[in-house]
1. Residue by residue through the range 236-246, note down the ones that are open to solvent by 40 Å² or more (accessible area, probe 1.4 Å), touching a residue at least 24 places away in the same chain (Cβ under 8 Å), of a type outside the set (Asp, Glu) and not in a loop (DSSP other than H, G, I, E, B).
2. Condition test on Val244, is it hydrophobic (A, V, I, L, M, F, W, C), in contact with a strand residue (DSSP E or B) (Cβ under 6 Å, 6 or more places away or on another chain) and modelled with pLDDT under 95?
3. More than 15 Å from the chain's Cα centre (by Cα), closer than 25 Å to Ala224 by Cα and without any contact (Cβ under 8 Å) to a residue 40 or more places away in the chain - does that describe any residue in the range 128-146?
4. Yes or no: the range 76-90 includes at least one residue that is within 16 Å of Glu150 (Cβ to Cβ), more than 10 Å from the ligand (Cβ to nearest atom) and open to solvent by less than 60 Å² (accessible area, probe 1.4 Å).
5. Could you please find all residues in the range 172-195 being crowded, with 22+ Cβ neighbours inside 10 Å and under 17 Å from Pro107 (Cβ atoms)?
6. Within the range 196-221, how many residues are surrounded by fewer than 19 Cβ atoms within 10 Å (Cβ to Cβ), touching a residue at least 60 places away in the same chain (Cβ under 8 Å) and in a helix (DSSP H, G or I)?
7. Taking the range 91-117 on its own, how many of its residues are within 13 Å of the ligand (Cβ to nearest atom), charged (D, E, K, R) and either touching a strand residue (DSSP E or B) at 6+ places or on another chain (Cβ under 7 Å) or part of a strand (DSSP E or B) (or both)?
8. Restricting attention to the range 129-140, does a residue exist that is of a type outside the set (Gly, Ala, Ser), crowded, with 16+ Cβ neighbours inside 10 Å, over 25 Å from Trp57 (Cα atoms) and touching a Lys or Arg at 6+ places or on another chain (Cβ under 8 Å)?
Amino acid sequence: MTDGRRLAYLEALGVDVYVRRGLARAPVEMPVQEAHPAVPAAPAAVAGAVPEASLDWEPLRAMVSACTRCSLHETRTQTVFGVGNPSAKWMFIGEAPGADEDRQGEPFVGRAGQLLTSMLKAMGFAREDVYIANVLKCRPPGNRDPKPEEALRCRGYLDRQIELVAPSLIVAVGRIAAQNLLATDTALARLRGKVHTLGPRGWPLIVTYHPAYLLRSPGEKRKAWQDLLFARQVFARIESGERVVP
Ligand code: SF4
């Protein structure tokens, strides 16, 4: 991608001269921090016993679309399984479908989804290059936060998606996704800028803001861009064979 096109996407992101100067000189301002050793194993990741734990993509998709494990099946238009490259090196995980996603059956397609797409393009990716999924596969009514029991009942599906994609790096998009995935109530601000580990396989995971939050708080977009630069840096270290987590 040319610098001009990237800058156009950065402008959509609301990233201004700070980043232009950063791109021209020192690309990453955020220091790489030590891996986060104290993250408890996510409840999901106890998944070996759930029936979906050994399924391939199509049976897994079929199981999700017929799922009635929690009451969200009563109000959904359809399940929202996930989209993108099934062998992607990058996986982005949000919290749950919203109204647009419920209608279209695809994650991150509304205004927030368009901003996520711009964020990906600013990093040099098309949506098809990465895999995008949510913690919940059905829309919570009124876009309320997922309930813990809903996230728990749905988690085996996401864990299996992660196993099938086997990404080099996971990006948790937003506070709810990050807290669910990492089984913590730590504030998002304190989760950013670190490499966390997810589940018994120790998938490297970093955290950034949800694009819906960035639409409400455009002043935070620059921090989101810092997160993505940090993610790129971590990814490069992973690809070079460096161990980024304990
Ligand atoms: S949210 Fe998950 S667990 Fe609940 S009905 Fe939908 S697919 Fe099943």
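The values are calculated or read from the model by the stated rules, or taken from the named source; none is laboratory data. Predicted model, so just to flag it, every value in this text is computed and none were measured. Cβ coordinates were reconstructed from backbone atoms using ideal geometry, including for glycine residues, and neighbour counts include every protein chain displayed. We work out accessible area using only protein heavy atoms, side chains counted, and drop any ligands, DNA or RNA first. Shrake-Rupley method; radii C 1.70, N 1.55, O 1.52, S 1.80 Å.
1. Arg237
2. It is true that Val244 is hydrophobic (A, V, I, L, M, F, W, C), in contact with a strand residue (DSSP E or B) (Cβ under 6 Å, 6 or more places away or on another chain) and modelled with pLDDT under 95.
3. Scanning the range 128-146 turns up at least one residue that is more than 15 Å from the chain's Cα centre (by Cα), closer than 25 Å to Ala224 by Cα and without any contact (Cβ under 8 Å) to a residue 40 or more places away in the chain.
4. no
5. Hits for the range 172-195 are Ala172, Val173, Gly174, Ala177, Ala178, Asn180, Leu181.
6. The total comes to 2.
7. Summing the residues that are within 13 Å of the ligand (Cβ to nearest atom), charged (D, E, K, R) and either touching a strand residue (DSSP E or B) at 6+ places or on another chain (Cβ under 7 Å) or part of a strand (DSSP E or B) (or both) in the range 91-117 gives 1.
8. No, there is no match, as no residue in the range 129-140 is of a type outside the set (Gly, Ala, Ser), crowded, with 16+ Cβ neighbours inside 10 Å, over 25 Å from Trp57 (Cα atoms) and touching a Lys or Arg at 6+ places or on another chain (Cβ under 8 Å).
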